[in-house]
Amino acid sequence: METIKGYIDNFVYQNPANGYVVMNVSLEKGSVTCVGIAQGYGEGESVEIQGEYVNSSYGRQIKIHSIKALPPEDKIAIIRYLGSGAIKGIGEALAKRIVNIFGDDTFRIATEEPERLAEVKGISLKKAYEIGSQISEKRDLRDAMMFLQGYGISLNLSNKIYQKYGMQLYQVLRDNPYRLAEDIEGVGFNTADEIALKSGVSISSDYRIRCGIVHTMNQTTIDGNCYYPRQLLVEKAAEVLGVEETEVDQVLPDLVMEKKLLLKRCGEEERVYLVRYYYSEQEVAGTLCELLSTFDHPCTELSNNEIISRINKIEDELGIVLDELQQSAIVQCVKSGVFVLTGGPGTGKTTTINTLLKLLEEMDMEFMLAAPTGRAAKRMQETTGYEAKTLHRLLEISGDIEGDRGRIHFERNSENPLEVDAIIVDEMSMVDIHLFRALLQAMVPGTKLILVGDSYQLQSVGPGQVLGDIIASEMFPVVRLEKIYRQDEESHIITNAYKINGGEHIDFQKKYRDFFLLEKKDEREIYYYIEQLISKNVPKEFNINPLDVQVLSPKRKGGLGIVNLNHELQDRINPAAPGKREYAYGDFIYREGDKVMQVKNNYDMEWEIVGAYNLPIDKGNGIFNGDVGEIKSINTFTKSMMVVFDDDKTVEYPFENLEELELAYAITIHKSQGSEYPVIIIPLIEESSWSYTKKMLFTRNLLYTAITRARQCVILIGSSETVNFMIDNDTIQKRYTSLSERIKEASERM
């Protein structure tokens, strides 16, 4: 960390919305470019900056960690600041006249006795007050930012807090600092708690305990739970807060009275819900049962033999042969309002669905196809030949998501429903309770709902285990396809995926073209071999682009986590070179030719598809979490970069939006779910000890999910002991959900 003192010479770039700046700071000797949050500062102002040097295509820059204003050292410094344009209505000549009269006392006069500025020729009384007000506002903003930094709050978060509360922030921090956790995205309980305790709030304060309980409940939903047992919640919250369990237990009823939590007894167990999670499960259950009971299409009058006869004709047209179970699945689906088709890779789900869609089409049933991610929707469209959309796009999401608190508005809802005969959703294991609820809200009673997925894959990132609970309820027809079709003597991906799923070790002494392990123990050696595989061996062997090879890792951090992998692979696969433009932002250097991934849904981002002669042939809005592309160009003049995604969508990213992009040479296995890649490489190294966290992370279903992402080849590189550990580790973190029970209750009411 470096500390520099100087004055702001000029701003190269400013974003008023988030305070991000690129500015040149003049030092006693020379100057330096600084980047980061510097809200409320103006050209000519003396500052002290703490930060670290980073390298970019513009040379060395300082990434701002903290900044504070310094009192001007002399009259020249005061004139320089006032005459810089930072204060509207004052130029250099007027600045000199002001300082000639008030000297070193200029700033005190401007803020405490602004009317005296009217003593200066050319300044009216009204203008004097305006100048004083501007100087005071800038000082107040800087003081507030410095005050918040004193609590260890980052510049970015400090700016959010100031934008929310203005000068009321002092009162909020004095009265109830825990409001920050409720009101401001990015301020968690721990940050609010640290501020509160520094402010003298008692460790046993009701405010603190209430906020701590809600925080603990929110943390349980991050783990996928829709409720939490009361006793476990009390224990966990008491541990987080450092108070007695009795203190937590006494405050809990207050949150129930305030309708922030809901308490429900089930047998001997008391369950605690965040209110919206309880009603989400209840509404989903009721709507599913309603769809099941209200489906009344003429196709239900057909006999099983009539349906099978139609299926046989489609088989002849498509040149396929379905087995008895596949035909039975289609018959049950045709006659049911809600139907679930599940099975692993290669079991004929796609063939079954394609036949079903042809049959629905022949029956004049209008249908829509959807999947939870952009890549999954694209794959669904490719395998069926019909248009498929993401669930968010199908439901016509409107505006931004307000953080991770689930406040999403869809244009399609009960008042503006999807008026079709059937909706088919693929990759259902990825769909959480909130997104599924939104889909059901947009469905008209009588619409057929077909859910397709592999129940052995990873569960949804969001709360709930919707597919599993629907199957467990035993209230809906479910067909599990088990016979493997997509395999032959030359294909070992699916064979080994099923071995892994069954807990069977793989004989790595046998190496196949499409599935093998490179036994390596050293991280540096693994990096070298991954680079060689991507840049040379694999593209030549499989005739693919190097960027089509995807590295998958179980974790983000650590030696073979995706953060380190991406830095290493970028340096090896796409190193800096003369004429290759790059731009440093945050923890990344983005370089032309880099493989990148969108890491949040942006429904307003504009894209276009360019055809011959560089003419746009399609355009629209929306880039989604998990979309992968390549940086085609970086323009330092327009401060933007062009990214072309897998589906040929070209997007222009302003530099201030780069927080939405990450390098994607390596991605987590969770991020890969719902996607397929020609070749995947999975680095798995032996750990010195397997902690509880690693046991929960390095699991059988994680490895199974990774393996089933590959179409042509799987390359494991690292330790066979680690692979075997994962195969043996069938730990699946228990999720506390009650959708299956709600379904049974709703069914009884029908």
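The values are calculated or read from the model by the stated rules, or taken from the named source; none is laboratory data. These figures come from a predicted structure and were not determined experimentally. Here the Cβ positions follow ideal geometry from the backbone for every residue, glycine too, while neighbour counts run over all protein chains shown. Remember, those area values only see protein heavy atoms, side chains included, never the ligands or the DNA or RNA. Shrake-Rupley method; radii C 1.70, N 1.55, O 1.52, S 1.80 Å.
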Alpha-carbon centroids, the stretch 485-557 and the stretch 182-219: separation in whole Å: 46
Sum of side-chain charges, HIS505 neighbourhood, beta-carbon under 15 Å (Lys, Arg +1; Asp, Glu -1): -3
Heavy-atom accessible surface of the stretch 59-166: percent carbon and sulfur, 1.4 Å: 50
Share antiparallel - DSSP beta bridges, the chain, percent rounded to 5: 65
Accessible-area ranking of ASP454, ASP604, largest first, probe 1.4 Å: ASP604, ASP454
Within the accessible area of the stretch 320-474 (1.4 Å probe), percent carbon and sulfur: 44
Spatial separation of Cα centroids for the stretch 328-403 and the stretch 618-649, in angstrom: 27
Candidate lysines for bridging to LYS448, where Cα separation is under 29 Å - those fewer than 8 sequence places away on the same chain excluded: LYS313, LYS335, LYS349, LYS358, LYS378, LYS389, LYS483, LYS744
Positive-end residue of ILE79, ASN614, SER640, charge dipole of the chain with Cβ unit charges: ILE79
Accessible area of ASP175 in the full protein assembly, 1.4 Å probe (Å², nearest 10): 80
Flagged links, alpha-carbon separation over 29 Å, of LYS521/LYS671; LYS198/LYS639; LYS521/LYS555; LYS198/LYS264: LYS198/LYS639; LYS198/LYS264
Rounded tilt (10° steps) of 206-222 against the dominant C-alpha axis of the chain: 40
For the stretch 1-34 versus the stretch 428-442, the gap between their alpha-carbon centres in whole angstrom: 47
Heavy-atom accessible surface of the stretch 542-625: percent carbon and sulfur, 1.4 Å: 49
Other-chain or far-sequence residues with amide H under 5 Å of SER553's (modelled H): ILE667, THR668, ILE669
Under the Karplus curve 6.51 cos²θ - 1.76 cosθ + 1.60, θ = phi - 60°, whole-Hz ³J(HN,Hα) for the stretch 594-606, x wherever Gly or Pro sits: 6, 8, 10, 10, 6, 10, 8, 6, 10, 7, 9, 4, 7
Karplus-derived HN-Hα couplings along the stretch 195-204 (A = 6.51, B = -1.76, C = 1.60, θ = phi - 60°), whole Hz, x at Gly and Pro: 5, 4, 5, 5, 7, x, 5, 5, 5, 9
The chain - percent relative contact order, Cα under 8 Å, separation 6 or more: 10
Whole-Hz ³J(HN,Hα) from phi, Karplus 6.51 cos²θ - 1.76 cosθ + 1.60, for the stretch 12-26, glycine and proline x: 7, 8, 9, 10, x, 5, 10, x, 6, 9, 10, 9, 9, 10, 7
Whole-number accessible area per residue in Å² for the chain, which is evaluated in the context of all protein chains at 1.4 Å: 46
Within the chain: Cβ-based charge dipole about Cα centre, in debye rounded to nearest 20 (Lys, Arg +1; Asp, Glu -1): 1620
Aspartates and glutamates whose Cα lies under 18 Å from that of LYS511, excluding same-chain neighbours fewer than 8 positions away: ASP488, GLU489, GLU490, GLU519, GLU541, GLU721
